[in-house]
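Peer 1: I have a structure I would like to understand better, so I am pasting it below and will then ask my questions one at a time.
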Amino acid sequence: METFKSKITSKKNDISGSVSAKCPSNIALIKYGGKREIQIPMNPSLSFTLNESNTQTELKFKPKNTGEFSLKVFLDKEPKEDFVPKIITFFKRIEEFLPFLNQFEFEIHTHNTFPHSSGIASSASGMGALALCLTELETRLGGDLSSDEKLKKASFLARLGSGSACRSLYPGITVWGETDAVKGSSDCYAVPYPYEVHENFRNFQDTILLIDEGQKEVSSTVGHRLMENHPYAEKRFKSAEENLKRLIPILKEGSLEEFGTIVEHEALSLHAMMMTSNPYFILMKPNTLCVIEKLWEFRKSTALPLFFTLDAGANVHLLYPKKNKQKINDFVENDLKKYCFEAKMIKDFAF
Ligand code: PMV
């Protein structure tokens, strides 16, 4: 396996300054669920990067004596002490690849371009942006990675913060998890989707319907752990990989209908696994089902390609080609908005 160990040779660790980076979130079409140590996925996943929903991070650093990690975190200028333990865990995991981490006092200033509790995973964009800042800092300290190597290392590091974050480092379609279906794929970092993508999937839109604004009932750590000893886990890992294999010719040939079948099957499979785990959970709310039923009726009556996917929660992501934007917007306004929490929705486009 290739090594991501730091090759810094010079001793420049007495500098102060700041580095900044921006990273988008992503939505998985083929879902990752279940992992082994450390942050190695049990199945390959594939996502659309959400261009409009970014985290912007500034990492300020000044030298200190070695020892414990020292960091403060601010979200929109407000101190966020509850973010610190997660980042300390992240630093511990990546220290062997960035050995200078305990030689600086850090301040992390972060801002999301999407609202809090919007159904968009800020851990993916947040860890992605922080990983980019850290690889930039490594360069400032004398690291000599090319820009491609830096991105790959940032994806590798982001994975150790939050698995799905590694897919956010590249625009368009991204794959994470080793599979013979995708050349160059790896369990350790994501790769840009290397095959042909039909015009139909360019500028795909994602409108996120916020069904429930409550805190996540099942944290992602707990969600992944539920796959251990799950009676259907092995079948699910295989099914995800099969769905990924089936998606490749569909992405090339442009069949929207077949795309929708796979994407919706993946979303429902993720939820089915949560419903049949021990303990079991229902993450959808009644309004999630109302939206899905309305969407299916609309699709049947209009023949318009409108599909849904779900994260590990109640919110619904509506996926559709940009050329149908107006008709879908009208449908959302007239028939779906009533199921949304405070009628909130976020519009994004994949690429
Ligand atoms: O990156 P994590 O550990 O928060 O896991 C995310 C898992 C899902 O969002 C449910 C699916 C995915 O592939 O993004």
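Peer 1: Going through Phe48, Phe61 one at a time, which residue ends up being more than 21 Å from Ser162 (Cα to Cα) and of a type in the set (A, V, I, L, M, F, W, C)?
Peer 2: Details: Phe48 fails: more than 21 Å from Ser162 (Cα to Cα).
Exactly one residue qualifies, and that residue is Phe61.
Peer 1: If you don't mind, another one. Somewhere in segment 12-34, is a residue out of contact with any Phe, Trp or Tyr (no Cβ under 9 Å at 6 or more places or on another chain), farther than 30 Å from Asn229 by Cα and hydroxyl-bearing (Ser, Thr, Tyr)?
Peer 2: yes
Peer 1: Within segment 300-313, restricting attention to residues that are open to solvent by 10 Å² or more (accessible area, probe 1.4 Å) and touching a residue at least 12 places away in the same chain (Cβ under 8 Å), which residue is farthest from the ligand (Cβ to nearest atom)?
Peer 2: Here is the first cut: in segment 300-313, the ones open to solvent by 10 Å² or more (accessible area, probe 1.4 Å) are 300-305, 311-313.
Then drop every residue that is not touching a residue at least 12 places away in the same chain (Cβ under 8 Å), which leaves 302, 304-305, 311-313.
Values: Thr302: 29, Leu304: 26, Pro305: 22, Asp311: 5, Ala312: 4, Gly313: 8 Å.
Across segment 300-313, the extreme among qualifying residues is Thr302.
Peer 1: Still on this model: Go through segment 203-233 and give me each residue that's open to solvent by 20 Å² or more (accessible area, probe 1.4 Å) and touching an Asp or Glu at 6+ places or on another chain (Cβ under 8 Å).
Peer 2: Glu213
Peer 1: List the number of the failed condition for Ser45; all other conditions in (1) within 20 Å of Met274 (Cα to Cα); (2) modelled with pLDDT under 95 hold.
Peer 2: (2)
Peer 1: Further question: Scan (1) touching a Pro at 6+ places or on another chain (Cβ under 8 Å); (2) surrounded by 18 or more Cβ atoms within 10 Å (Cβ to Cβ) for the single condition Asn200 breaks and write down its number.
Peer 2: Failing condition for Asn200: (2).
Peer 1: Given the options His116, His109, name the one that is farther than 30 Å from Glu258 by Cα and open to solvent by 70 Å² or more (accessible area, probe 1.4 Å).
Peer 2: His116
Peer 1: Something else about it: Take the residues of segment 94-106 that are open to solvent by less than 10 Å² (accessible area, probe 1.4 Å) and among the aromatic types (Phe, Trp, Tyr): which is nearest to the ligand (Cβ to nearest atom)? Working first, answer last.
Peer 2: Step one: list which residues in segment 94-106 are open to solvent by less than 10 Å² (accessible area, probe 1.4 Å), which gives 94, 98, 100-101, 104, 106.
Still in the list and also among the aromatic types (Phe, Trp, Tyr): 100, 104, 106.
Details: Phe100: 26, Phe104: 26, Phe106: 23 Å.
The qualifying residue nearest to the ligand (Cβ to nearest atom) is Phe106.
Peer 1: Okay, moving on. Within segment 142-223, which strands (runs of 3 or more DSSP E) (wholly inside it) include 3 or more residues that are touching a residue at least 40 places away in the same chain (Cβ under 8 Å)? Show your work before the answer.
Peer 2: Details: elements: 173-176, 190-192, 204-209.
By residue number, 173-176, 204-209.
Peer 1: What's the number of the condition Leu268 fails, among (1) over 30 Å from Pro194 (Cα atoms); (2) hydrophobic (A, V, I, L, M, F, W, C); (3) within 15 Å of the ligand (Cβ to nearest atom)?
Peer 2: Of the numbered conditions (1) over 30 Å from Pro194 (Cα atoms); (2) hydrophobic (A, V, I, L, M, F, W, C); (3) within 15 Å of the ligand (Cβ to nearest atom), the odd one out for Leu268 is (1).
Peer 1: In segment 153-181, how many residues are more than 15 Å from the ligand (Cβ to nearest atom) and in contact with a helix residue (DSSP H, G or I) (Cβ under 8 Å, 6 or more places away or on another chain)?
Peer 2: Residues meeting the conditions: 3.
Peer 1: Still on this structure, please answer the following. Under the condition of being away from the ligand (no atom under 16 Å from the Cβ) and β-branched (Val, Ile, Thr), which residue from segment 112-152 is nearest to Asp187 (Cα to Cα)?
Peer 2: The extreme case among them is Thr135.
The values are calculated or read from the model by the stated rules, or taken from the named source; none is laboratory data. Please read these numbers as outputs of a predicted model, since none were measured by experiment. Don't worry about glycine lacking a Cβ; one is built from the backbone with ideal geometry, like all the others, and counts go over all protein chains shown. The accessibility values were calculated without ligands, DNA or RNA, using every heavy atom of the protein model including side chains. Shrake-Rupley method; radii C 1.70, N 1.55, O 1.52, S 1.80 Å.
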